[in-house]
Amino acid sequence: MRKHLLLLFTMTGCVTLGMAQDKTIQNLQTEGSRAIKKDAADTTKKTWKKGGLFSLNLSQAALSNWSAGGDNFSMAITAYTNMFAFYKKGKHSWDNTLDINFGYVNTTSLGARKNDDRVDYLSKYGYELNEKLNLAGLFNFRTQMLRGYTYDGTERTFASTFLAPAYVTLSLGLDYHPVKNLSIFVSPVSSRWVIVKDDSLSARGMYGVDTGRHSKNEMGAYATINYTAKINDNVSYKGRMDLFSNYKHNPQNVDLYMTNLFAVKISRVLSATWSLDLIYDDDTKLFGPDKNSAGLQLKSVVGAGLLVKF
């Protein structure tokens, strides 16, 4: 009888232990597959926000025995890259953006030439005075990558290359944010360096730098306005306008640098883009009948192709 009772207790214990183990395993499986959710009480914000976008547009045409005429071959490539890194912690902020544009055209009649080339880095540190106003310091560097030429028919004239010209701006001022995605930075005293590193361009006294010299410093008032907008689900806009008045020479002639980019989303990775750039620099005298006058420079590029955000 005792043997039978002992056997019964042993079997009951094994079954109970097995059921407990099954329950433990089930709990472990449930915990392991459970989605992790942020605690509602945790209001920690990211210190850094990073990202960007890349756009590539390509067009090509070929003609053979085409009675209407035209270039036998033409190809155009335009590429645009924007990268950003924004830091925010307490009253301190640090915004960094890098824009790189490049365009290339090759035709039978005109040959190969670039139609867009820009490297633009902007860094701005801010200390919050109130919700809409920062005390800020700004650094801006702008140049191009490859050799550029101006064209008069089939004649071409060397006009630019890397660091010729280049513009470096240092400013201390106030940064105002009246609404989301709009920044208005104003500095009454800024320092700007115009660099012409190439010897042949320096010898011609290009871009306001004295003949034979490679740089020039300017002191003046500076303002930059940056704005981004999502017009609707498929259309976005990014724009910037810089204004600079040189206290040392013709302060009434304000230099203008403005970029505009519209992007229309066609699908997840396809889009159409339109960029419109305007520049007026009183020291860039390449225009007019005698090629010795300043003028408003305008560049418009329309394309369709790949657009990737990262």
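Just a few scattered comments:
- Leading residue by the ranking (surrounded by the most Cβ atoms within 10 Å (Cβ to Cβ)) among those in region 267-283 that are assigned to a loop (DSSP other than H, G, I, E, B) and out of contact with any helix residue (DSSP H, G or I) (no Cβ under 6 Å at 6 or more places or on another chain): 281
- Hey, residue 259 more than 18 Å from residue 144 (Cα to Cα), under 17 Å from the mean Cα position of the chain (by Cα) and either β-branched (Val, Ile, Thr) or loosely packed, with under 15 Cβ neighbours inside 10 Å (or both) or not: no
- Every condition in (1) within 17 Å of residue 184 (Cβ to Cβ); (2) at pLDDT 95 or above holds for residue 99 except the one numbered (1).
- Qualifying residues in region 89-112 (those that are over 28 Å from residue 48 (Cβ atoms) and surrounded by 14 or more Cβ atoms within 10 Å (Cβ to Cβ)) - the one nearest to the chain's Cα centre (by Cα): 103
- The set of residues from region 224-237 being touching a residue at least 40 places away in the same chain (Cβ under 8 Å) and surrounded by fewer than 19 Cβ atoms within 10 Å (Cβ to Cβ) comprises 225, 227, 228, 229.
- Any hit, region 137-156, residues being out of contact with any strand residue (DSSP E or B) (no Cβ under 6 Å at 6 or more places or on another chain) and among the β-branched types (Val, Ile, Thr): yes
- Every residue from region 250-264 that is assigned to a loop (DSSP other than H, G, I, E, B) and of a type outside the set (S, T, N, Q): 251, 254
- Checklist (1) in contact with a helix residue (DSSP H, G or I) (Cβ under 7 Å, 6 or more places away or on another chain); (2) under 20 Å from residue 186 (Cα atoms); (3) not hydroxyl-bearing (Ser, Thr, Tyr) applied to residue 243, failing item: (1)
- Only residues that are of a type outside the set (Asp, Glu) and within 19 Å of residue 120 (Cβ to Cβ) were counted in region 249-270, giving 8.
- Hits in region 196-223 - residues which are charged (D, E, K, R) and without any contact (Cβ under 8 Å) to a residue 24 or more places away in the chain: 199, 204, 210, 213, 216
- Unique match (being surrounded by 12 or more Cβ atoms within 10 Å (Cβ to Cβ) and more than 21 Å from the chain's Cα centre (by Cα)) among 254, 264, 301, 308: 254
- Given (1) surrounded by 13 or more Cβ atoms within 10 Å (Cβ to Cβ); (2) within 30 Å of residue 205 (Cβ to Cβ); (3) in contact (Cβ under 8 Å) with a residue 12 or more places away in the chain; (4) of a type outside the set (Gly, Ala, Ser), number of the condition residue 287 does not satisfy: (3)
- Among the candidates 200, 215, residue that is of a type in the set (Ser, Thr, Tyr), at negative phi and surrounded by 13 or more Cβ atoms within 10 Å (Cβ to Cβ): 215
- Identification of strands (runs of 3 or more DSSP E) wholly contained in region 113-223 with 2 or more residues that are within 20 Å of the chain's Cα centre (by Cα) yields 133-143, 166-176, 182-195.
The values are calculated or read from the model by the stated rules, or taken from the named source; none is laboratory data. The structure presented is a predicted model; accordingly, all values stated were derived computationally and were not measured. Every residue, glycine among them, receives a Cβ derived from its backbone with ideal geometry; neighbour counts consider all protein chains shown.
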